[in-house]
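Below is one structure, written out as structure tokens, with a few remarks after it.
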Amino acid sequence: MIFEDRYIQIGMNSFHVRIHGQGKPLLALHGFSQSALTWENLQLPGYQVFALDFIGHGKSSKPKALEAYQLSSILQELQKLVELLFHGEAYTLLGYSMGGRIALQFALQFPEQPIEQLILESAAPGISDPLQREKRRQSDLELADQIEKNGAVWFADYWGALPIFQSQNHLPQEVQYKVWSSRALNAPHALAQTLRATGQGNLPDISEALQNLDMPLLYITGALDQKYTLIAEQFSTYKRAQSLIVEGAGHNVHLELPQHFNLILSNSLQSRTML
């Protein structure tokens with residue numbers, strides 16, 4: 001497969017986009033501590049994948065200031081990136097975990113965006129209980145301090161051992177090492193600032209606002225991820241939304257069952273094209 005690396009300057013920040021495939025555009029947003037590399041096995045006939053490195057991740061800029069990691073800044077820069085990449089052309093938006101949360105916020109804040117379909121993988125619309133949200137915010141702040149104190153290798157060990165990623169223990173050792181390495185290569189200050197600004201506890205709950213989304217929505221998660229299977233059931237109640245729970249996978253379906261994930265997306269996108 002041929003990959004093209006493109007760098008786009010917006011203000012003081014440079015954003016890396018990794019492009020592969022041919023056809024209609026699909027913008028893919030990675031999860032926390034990941035990069036565009038997580039989508040290298042995403043192969044969709046008739047689609048060109050634009051995999052973005054978020055601010056502080058991968059080969060994009062890693063500024064020190066907290067402001068660059070705030071949701072408002074991320075959404076404004078994402079709007080400019082989309083304009084520069086697609087020039088008003090309709091596109092599909094895919095987001096995993098943190099990338100899915102940001103994709104949801106983006107679709108709601110900019111309803112005029114020509115998003116043909118929104119695809120979410122293991123992403124939450126927010127924490128509805130204010131006490132639980134504050135508890136998560138405090139937890140994110142504590143983890144941010146720990147990352148700055150102990151470094152990215154410590155973080156890679158800690159993050160990979162979380163119960164939510166337990167289903168990845170059956171993956172080949174080389175795949176597990178590749179995932180660990182990608183986490184260990186992060187800049188500690190960038191991970192910490194991401195948690196402080198756009199950690200799950202710091203974002204508003206937008207569950208009720210999702211009824212305002214006026215585009216087809218596909219929600220995917222693995223059956224082994226009990227927390228997000230409940231969220232998938234919640235999404236299935238929204239208008240124009242469909243939820244798929246994949247057997248034999250956990251939180252990261254596109255990593256654990258890449259061929260199955262590709263097939264799900266290809267079928268969904270093909271059915272959209274035929275409408």
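Here are the numbers:
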item	result
Under the Karplus curve 6.51 cos²θ - 1.76 cosθ + 1.60, θ = phi - 60°, whole-Hz ³J(HN,Hα) for the range 145-160, x wherever Gly or Pro sits	5, 5, 5, 5, 6, 9, x, 6, 5, 4, 4, 4, 5, 5, 5, x
Loop trypsin sites (Lys or Arg not before Pro), the range 12-75 (other Cβ atoms within 10 Å of the site Cβ: 14 or fewer; DSSP)	Lys64
Solvent exposure of the chain as accessible area per residue, Å², 1.4 Å probe	46
Nonlocal amide H pairs with Lys24, under 5 Å, H built at 1.01 Å	Tyr47, Gln48
Charge dipole (the range 96-169, unit charges on Cβ, about Cα centre) - positive-most of Gln132, Gly151, Gln166	Gln132
Residues in the range 1-26 that a label on Ala187 would reach, taking backbone N under 20 Å of a point 7 Å out along Cα→Cβ	6-18
GNM top mover of Thr92, Thr237, Thr229 - the chain, alpha-carbon springs below 10 Å	Thr237
Sites Phe86 and Ser14, calculated FRET efficiency, Cβ-Cβ separation with R0 22 Å, nearest 0.05	0.70
Glu112 paired with Asn41, simple spin-label distance in nm, labels 7 Å along Cα-to-beta-carbon	4.0
In order through the range 221-227: 3J(HN,Hα) via Karplus (6.51 cos²θ - 1.76 cosθ + 1.60), integer Hz, x for Gly, Pro	8, x, 5, 7, 9, 5, 4
Where labels lie 7 Å past Cα in the beta-carbon direction, separation of Gln166 and Gln48 in nm	4.4
Among Met98, Met12, Met215: highest mean-square fluctuation, GNM of the chain, C-alpha pairs under 10 Å	Met12
12 Å Cα-Cα reach of Lys24 towards aspartates and glutamates, excluding residues that sit fewer than 8 places from it in its own chain	Glu89, Glu116
At most 16 other Cβ within 10 Å, DSSP loop - trypsin sites (Lys or Arg not before Pro), the range 179-275	Lys239, Arg240
GNM result for the chain, Cα springs below 10 Å: residue of Leu120, Leu27, Leu265 fluctuating most strongly	Leu265
Volume in Å³ per residue [convex hull over Cα atoms, computed for the range 160-249]	133
Label zone at Lys178, where the point sits 7 Å out along the Cα-to-Cβ direction: the range 22-38 residues whose backbone N lies under 14 Å	35-38
MRE, 222 nm, helices only [DSSP H, n ≥ 4, -39500 (n - 2.57), over the chain, to nearest 500]	-12500 deg cm²/dmol
Rounded percent of accessible protein surface that carbon and sulfur make up, the chain, 1.4 Å probe	53
Spatially proximal aspartates and glutamates relative to Lys64 (Cα-Cα < 14 Å; intrachain offsets below 8 disregarded)	Glu148
For the range 180-252, size of Cβ-based charge dipole, Lys and Arg +1, Asp and Glu -1, in debye	220
Cross-link table Lys135/Lys227; Lys80/Lys239; Lys62/Lys227; Lys59/Lys178, entries beyond 21 Å C-alpha to C-alpha	Lys80/Lys239; Lys62/Lys227
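The values are calculated or read from the model by the stated rules, or taken from the named source; none is laboratory data. What you see is a predicted model; the values in this text were computed from it and never measured. Cβ: placed from backbone, ideal geometry, glycine included. Neighbour counts: every protein chain shown. Just the protein is used for accessible areas: all its heavy atoms, side chains included, with ligands, DNA and RNA removed. Shrake-Rupley method; radii C 1.70, N 1.55, O 1.52, S 1.80 Å.
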